[in-house]
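Here is the structure we will look at.
The values are calculated or read from the model by the stated rules, or taken from the named source; none is laboratory data. Just so you know, these numbers come straight off a predicted model, no measurement behind them. When we count neighbours, we look across all protein chains shown, and the Cβ atoms used for this are built from the backbone with ideal geometry, even at glycine. Remember, those area values only see protein heavy atoms, side chains included, never the ligands or the DNA or RNA. Shrake-Rupley method; radii C 1.70, N 1.55, O 1.52, S 1.80 Å.
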Amino acid sequence: MFAKRNLPELFFFFIILVFILLKIPALQLPYFWDELGVYSRAGLYMFDNGLGLLPKDLPPVLSRGHPLLFTFFQAIGYSIFGDGVDGGHITALFISIILLWSVYFVTAKYFSKYTGLLAVMLLIVQPLFFAQSVLILPEICLAVFILWTIYFWVGKKYILFGIFSTLAILIKETAIIIPLVIVFSELALYFIGKGNKGKFNFRGKYLILFLPFVVFGIFLLIQKQQNGWYLFPLHGDNVKISLNRIFDFGGDYLAFLFLEQGRVILSIMLVSSIIYLIVNKQLTEKRISVFLITLIIGGVAFNAINFYMNRYMLFVLVPFVILSSAIIIQCIQKNRLVVLILPLIFVAGIYCTNGKEILPVDSTLNILQKFQYDENMSYVEYLKEQQNAMNLVLDKITPSDIIYANFPISVAILDTRYGFTALVPNKDFKLLNAGNIQEGFQYALISDPGSYDYKLPDSAAIVLTHQVENQTINIKIYERK
C-alpha cells in the first residue's frame, strides 16, 4: 500500500539514480571553455582567498562584473568536495539534482505527480541540460531560483518570493526580468479573468516586487565604488536594443527552443495535443501556466538584446518542459494511445545528445560556425583532442622550454587543478604571455575554435609538426626551426 501510494516518488528517485550514474564519467573531465576561462577559476580564487559577496572579493577579470553568489556556492563546493575537477563537477551535479527535484515538486504541486515525472524525464533528455548538468556554469543555478520565485509568487508567499528573487539576481543579472514577468502575468490574468475586472486592489506587500531592482542597484553602486565602473567594460557592447538584432536573435532562440536538439518532435506533439484538447473542449487552465508562458516570452526577449549564447536559454527550457508535460498528460488522460508517442520524444533527445540534429544542417559551415560550445555533449570530443594535442607537447617538455598557446590551452596549462596536466608552470616549463611579442618559444599550440588574438612569427621561423583534429576542433602544433 505504501509503495503504491508513493510510486511517483520512488520512480523519481530511480530516475535521479540513473541520471547520476550516467553523469559519473563526466565528473573527471577537465574544465571546458567558459568554465575553464572564468567560472572554475573564480570559484578556486575564492576558495583560495576567502569567501565573499562584494565586488572586491574577486578580480574583475574573473567576476566580469557579475554578482558573486554562484561563485560563492562553487567555492563552498570546493571546500566540501575538494578543489579538483571532480569536486567542481560534483558541486554542479548537486545543483542540477536540486533543479530536477524542484521541477518535480513544483509541477506535482500545480499539475500532478505524473506530470512532474514526465517533466523531469523530458528535462534530463534535453541535450542542453544533460551537458550543462556537471559544468561549472551559472545557468542551472539561475533556473532553480527563478522557478522558485514563480512558485512562491503564485502561492502568495511574498516574503519567500522576495528572498528567492534576490538570490536569483545575485546569481546572474538575467533575473532582473522576474518583476516584469510577474507584472505582465498578473495583467494578463486581470484582463482575461472572468468576472475579475475592476476587482484588483494594490497591496503594500506587492512592493516586494521591486526588491531585486533595489538589491541589484546596491550591488552596482558598490561595484562602482570598488572597481570604478557599474558594468564590466568589455560587456558594454554586448547589450544592444536594436529591432534587427532583437528579431534575428529572437528568431534564432525560438528555433533553438522549439526545433533544435530534437525538440521539433516535442513541439509537433505539443501543438497536436493542444489542438486535440481545444477541439474536444477539454483543455484545462492553471494560473501558474500564465506565469510560465510569460517567463518563456520574457526570457527569449531579454536574451535577444544580450550576447548570443544558446545556453542562456536553459532557464527558459524549464517552463517549456513543464508546460509541455502538462499538456501531454492531459492528452494522455483523454486518449491513452498518445503515450505511445512519448518514446519518440525521448529518443529524439538522446539522438541529439552528442551534437547531431534531426533537422537538416548547413554542410557549408566552417568549424567555428559549427562549434556548439557547451550546448551538448560534443564538448567531450573537443576536450579529448585538446588533451591529446597538449600531451604531444607536455610529454617532451623540459623546464627551460617555453610554450605559447591561444585560449583555451593558454589557460588550461596555468593550474594543475584544471584537470589537464600535473606539470607546473615556471617549474616544469615556461609559459609565454599572449600579450608579449611571440619570440623565443619552443612550442606553440593554436586551437580553432579558440581565441583569435594570437600572433605567430613568420612561417620561415616555425614549422607545423602536428595537427590534431576532429569534427569539433583543430589544433596546430608548431615548433621553432
*Those residues that are more than 13 Å from Tyr418 (Cβ to Cβ), out of contact with any Phe, Trp or Tyr (no Cβ under 9 Å at 6 or more places or on another chain) and touching a residue at least 12 places away in the same chain (Cβ under 8 Å), I need them from the stretch 16-44; list them, please.*
Ile20, Ala26, Leu27
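Of all residues in the stretch 394-421, which are of a type in the set (Ser, Thr, Tyr) and under 17 Å from Val85 (Cβ atoms)? Even if it seems obvious, please write down each step before you answer.
Initial filter on the stretch 394-421 (of a type in the set (Ser, Thr, Tyr)): 398, 400, 404, 410, 416, 418, 421.
The answer is Thr416, Tyr418, Thr421.
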*Give me the pairs: first residue in the stretch 119-135 and surrounded by fewer than 24 Cβ atoms within 10 Å (Cβ to Cβ), second residue of a type in the set (Phe, Trp, Tyr), beta-carbon distance under 6 Å, and six or more apart or on different chains, which are they?*
Ile124/Phe19; Val125/Phe346
_Restricting to the stretch 329-369, name every residue that is in a loop (DSSP other than H, G, I, E, B) and of a type in the set (A, V, I, L, M)._
Ile358, Leu359, Val361, Leu365
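Which count do you get for residues in the stretch 15-64 that are open to solvent by less than 40 Å² (accessible area, probe 1.4 Å) and of a type in the set (Lys, Arg)? Break it down stepwise before answering.
Keep residues of the stretch 15-64 that are open to solvent by less than 40 Å² (accessible area, probe 1.4 Å), which gives 15-16, 19, 23, 26-27, 29-40, 42-44, 46, 50, 52, 55, 57-59, 62-63.
Applying the additional criterion that residues be of a type in the set (Lys, Arg) yields 23.
Here the count works out to 1.
Tell me which strands (runs of 3 or more DSSP E) are completely within the stretch 370-481 and hold 1 or more residues being touching a His at 6+ places or on another chain (Cβ under 6 Å), of a type outside the set (S, T, N, Q) and open to solvent by less than 50 Å² (accessible area, probe 1.4 Å), or say none if there are none. Don't jump to the end; show me each part of the working.
Values: elements: 402-405, 443-448, 462-469, 474-480.
Result: 474-480.
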_Filtered residues of the stretch 256-306 (kept if open to solvent by less than 70 Å² (accessible area, probe 1.4 Å), among the β-branched types (Val, Ile, Thr) and farther than 29 Å from Ser165 by Cα)_ = Val264, Ile265, Ile274
_Residues satisfying the stated conditions in the stretch 107-141, i.e. assigned to a helix (DSSP H, G or I) and under 13 Å from Lys23 (Cβ atoms)_ = Ile124, Phe129, Phe130, Ala131, Gln132, Ile140
_Suppose the filter is farther than 30 Å from Leu118 by Cβ and surrounded by fewer than 20 Cβ atoms within 10 Å (Cβ to Cβ); does Pro67 pass it?_
no
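Looking at the structure I just gave you, is Asn366 surrounded by fewer than 16 Cβ atoms within 10 Å (Cβ to Cβ), touching a residue at least 60 places away in the same chain (Cβ under 8 Å) and not charged (D, E, K, R)? Talk me through it step by step, then tell me what you get.
Working: surrounded by fewer than 16 Cβ atoms within 10 Å (Cβ to Cβ): yes; touching a residue at least 60 places away in the same chain (Cβ under 8 Å): no; not charged (D, E, K, R): yes.
So Asn366 fails the test.
Here is a yes/no grid of residues against (1) open to solvent by 20 Å² or more (accessible area, probe 1.4 Å); (2) under 20 Å from Ile297 (Cβ atoms); (3) in contact with a Pro (Cβ under 6 Å, 6 or more places away or on another chain); (4) in a loop (DSSP other than H, G, I, E, B):
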position	(1), (2), (3), (4)
Ala143	no, yes, no, no
Leu147	no, yes, no, no
Ile150	no, yes, no, no
Ile159	yes, no, no, no
Ala168	no, yes, no, no
Thr174	no, yes, no, no
Val181	no, yes, no, no
Ser185	no, yes, no, no
Phe191	yes, yes, no, no
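So which of Ile322, Ile350 is within 19 Å of the chain's Cα centre (by Cα), over 27 Å from Ser451 (Cβ atoms) and surrounded by fewer than 16 Cβ atoms within 10 Å (Cβ to Cβ)? Give the derivation first.
Values: Ile322 fails: surrounded by fewer than 16 Cβ atoms within 10 Å (Cβ to Cβ).
Checking each option against the conditions leaves just Ile350.
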